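These notes are about the structure you will find just below.
The values are calculated or read from the model by the stated rules, or taken from the named source; none is laboratory data. All values derive from a computational prediction rather than experimental measurement. With ideal geometry, Cβ positions are generated from the backbone for all residues, glycine too; neighbour counts draw on all protein chains shown.
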Amino acid sequence: MKNALTYNMFYRCTVIVWMVIKFISQIYFFHLFHGIWDEQTKRKWEHLLHKQAVEYRKKAVKLGGVLIKVGQFLSTRTDFMPEVFIKELSGLVDRVPPMPYSYASRLLEKEWGAEPDEYLEDINKTSIASASIGEVYYARLKGSGKEVAIKVQRYQVEKIFHMDFKALRIVFWIISFFTSFGKKADLKSLYLELIRVMDRELDFTQELHYGKYFKERFKDDKTVYIPAFMEELCTKRVLVMEWAEGAKITDLEFMRKHHIQPERIAKNLFNFYSEQFLNPGNFHADPHAGNLLINKNGTITILDFGMVGEVKKQDTTYFKHLIQGVIIDDYDRVIEALEQMNFVLPNADTNKLKKMVKQLIEMYRDGSFKNMDGQLLEQIKQDIKLFVKEQPIQLSAEYAYLGRAISINIGILFAIYPETDIEKWAKPKIKKWLGSKTLIESIYKQYAKESIEPIFSFPKAMLGWLENGEKDREWDKEKQEKTWKHHFFLVLESFHFIMILVSIAASWYGYVEGYTIFGSFGLAGITYFVIMFTILARKHYKVIQSIK
């Protein structure tokens, strides 16, 4: 029964939607009853968020489908997700319990139009990898004996994902209606992007296309290897590619055993991904250690092209404008680049954003961050979070996947070679990427003028930050608390209104069908919820007046 519920749309939608309603209600209640944010309140807040993050992760592992993919996506969203959520969800690996081989066998027969034995000399009936979309088996082809990996789409996975898409649509509506984030973000575009990216993974012909694309693009790079596909056996729900031997790229013991230098591997990996991140074209968006193997001669094998993003030619122009604007202190250029990237949505306070970017960069350059204590750094962090929450700011799904890929890649580089010097490795690539030696030289001169660290005086940028920001922070905090109360009352009033309707229905049903007890309970419910709704409405009115 438990397994059957996994494929039931009503059950999945109920679990997903109820979890979101529960999380929002918990947050509203917390803000309602905790007006003073002292250290104890902050600890309670972190505990609540951690509890919610753990619950989400467990539900995602249990149900699979979209919850895993969305969890991985949310772990990249430092622009609006709490840090405790990011830490918990960043460990959400796309792994689920294996499915029976009998289903895989039937699917292979259906897709190939013949028994698997017609094409396979042997197949290991125990899968070697099991993810939310596909199951991978080791096999040998008939005749040639060539070793291959066969990826088979999981049982009813398309049905599950499309059921979850409906639940996700309800979730986005709830967020847009009952939260302040929903009022400022372009949730419709975000939803459509998520659906497009996830739906693309369900079609294995797309993965075949991207696998061939990367093999062709990096055919002259001897440091990496892209396995070939047996195209005649590939379909929308089955992929067959040559078997790749090797250990995980983070296996340092394997490297020592085979006399492979970790620094060389890290540098090769950096070169492979920086080429994708800086230049137009597709990039491998899921570069975790399980998808990166290293063989005995030090060659890196790249696997799994189900999750692929794209850097458009126009994107590289935006990136260049952004970097150049930061380096030469042209903050209008920085904001313009952010607007072109749709990072800054309409109605955002661009002057305030420009001021914040300018102050942060100045503090970084003059060494203020090095001289600050933990309390000041935490205050700055909170200011940034508050600004991002209040302003119409967001990353598109494509940029978020790019950010995720970059962060995962950096983590692996340091896991392989802790002395990794990204700045040193990146500098010649950035010079070539910007394509103007004269500009670079002028930028370096600009840096030289502003790179002297203050030793005796408190940094002027920090003073400017404190002087200009103190009143804003007090006002922002008060405004934020009132906004939370406003949305809390909206949720509570909606709940009581629904309960009034339920009570009316129960009363009507009881008296019509002759169940007096139902009718009595219904009338009592109507009385109670109408009174509570009236009280809440009066309190809500006062909150609205205070916001005005």
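If you go through the stretch 311-325 and keep only what is in contact with a Phe, Trp or Tyr (Cβ under 7 Å, 6 or more places away or on another chain) and either touching a residue at least 40 places away in the same chain (Cβ under 8 Å) or closer than 25 Å to Ile265 by Cα (or both), you end up with just Val311. Applying a threshold of 7 Å to beta carbon distances and a minimum spacing of six or more residues, or different chains, the list of pairs starting in the stretch 9-27 at a residue that is of a type in the set (Phe, Trp, Tyr) and ending at one that is part of a helix (DSSP H, G or I) reads Tyr11/Leu5; Phe23/Gln52. Considered as a group, the residues in the stretch 289-346 that are within 30 Å of His258 (Cα to Cα) and charged (D, E, K, R) include one that is surrounded by the most Cβ atoms within 10 Å (Cβ to Cβ), and that residue is Asp304.
Considering the conditions (1) surrounded by 19 or more Cβ atoms within 10 Å (Cβ to Cβ); (2) modelled with pLDDT under 90; (3) of a type in the set (D, E, K, R), Lys159 is excluded by exactly one of them, (1). Screening Asp221 on (1) in contact (Cβ under 8 Å) with a residue 24 or more places away in the chain; (2) within 21 Å of the chain's Cα centre (by Cα) shows it passes everything except condition (2).
Per-residue answers, yes or no, for (1) within 24 Å of Phe414 (Cβ to Cβ); (2) in a helix (DSSP H, G or I):
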| site | (1), (2) |
| --- | --- |
| Asn268 | yes, yes |
| Asn282 | no, no |
| Leu293 | yes, no |
| Phe305 | no, no |
| Gly309 | yes, no |
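Among residues of the stretch 144-158 that are in contact (Cβ under 8 Å) with a residue 60 or more places away in the chain, those with a Cβ under 7 angstrom from a residue that is assigned to a loop (DSSP other than H, G, I, E, B) and aromatic (Phe, Trp, Tyr), sequence gap 6+ or separate chain, pair up as Glu147/Trp243; Val148/Trp243; Ala149/Trp243; Gln156/Tyr7. Ser274 meets all of the listed conditions (1) polar (S, T, N, Q); (2) modelled with pLDDT under 90; (3) more than 27 Å from Ala149 (Cα to Cα) but one, namely (2). Filtering the stretch 44-56 to residues that are buried (at least 19 other Cβ atoms within 10 Å of the Cβ) and not aromatic (Phe, Trp, Tyr) leaves Leu49, Gln52, Ala53. Residue count for the stretch 415-429, restricted to those that are touching a residue at least 12 places away in the same chain (Cβ under 8 Å) and part of a helix (DSSP H, G or I): 6. For Asn282, the requirement of being surrounded by fewer than 17 Cβ atoms within 10 Å (Cβ to Cβ), in contact (Cβ under 8 Å) with a residue 12 or more places away in the chain and out of contact with any helix residue (DSSP H, G or I) (no Cβ under 7 Å at 6 or more places or on another chain) is not met. Can we say Glu232 is loosely packed, with under 15 Cβ neighbours inside 10 Å, without any contact (Cβ under 8 Å) to a residue 60 or more places away in the chain and not in a loop (DSSP other than H, G, I, E, B)? For Glu232, the condition - loosely packed, with under 15 Cβ neighbours inside 10 Å, without any contact (Cβ under 8 Å) to a residue 60 or more places away in the chain and not in a loop (DSSP other than H, G, I, E, B) - is met. Only residues that are in a loop (DSSP other than H, G, I, E, B) and among the acidic types (Asp, Glu) were counted in the stretch 190-229, giving 3.
When the stretch 210-244 is filtered for residues that are closer than 21 Å to Ser144 by Cα and of a type in the set (Asp, Glu), the ones remaining, listed by number, are Glu231, Glu232, Glu242. Every test in (1) surrounded by fewer than 19 Cβ atoms within 10 Å (Cβ to Cβ); (2) in contact with a strand residue (DSSP E or B) (Cβ under 6 Å, 6 or more places away or on another chain) is passed by Asp203 save one, and that test is (2).
Here Ser189 passes the criteria (1) loosely packed, with under 15 Cβ neighbours inside 10 Å; (2) more than 30 Å from Ile24 (Cα to Cα) except the one numbered (2). Lys51 meets each of the listed conditions (1) under 25 Å from Ile170 (Cβ atoms); (2) touching a residue at least 12 places away in the same chain (Cβ under 8 Å) apart from (2).
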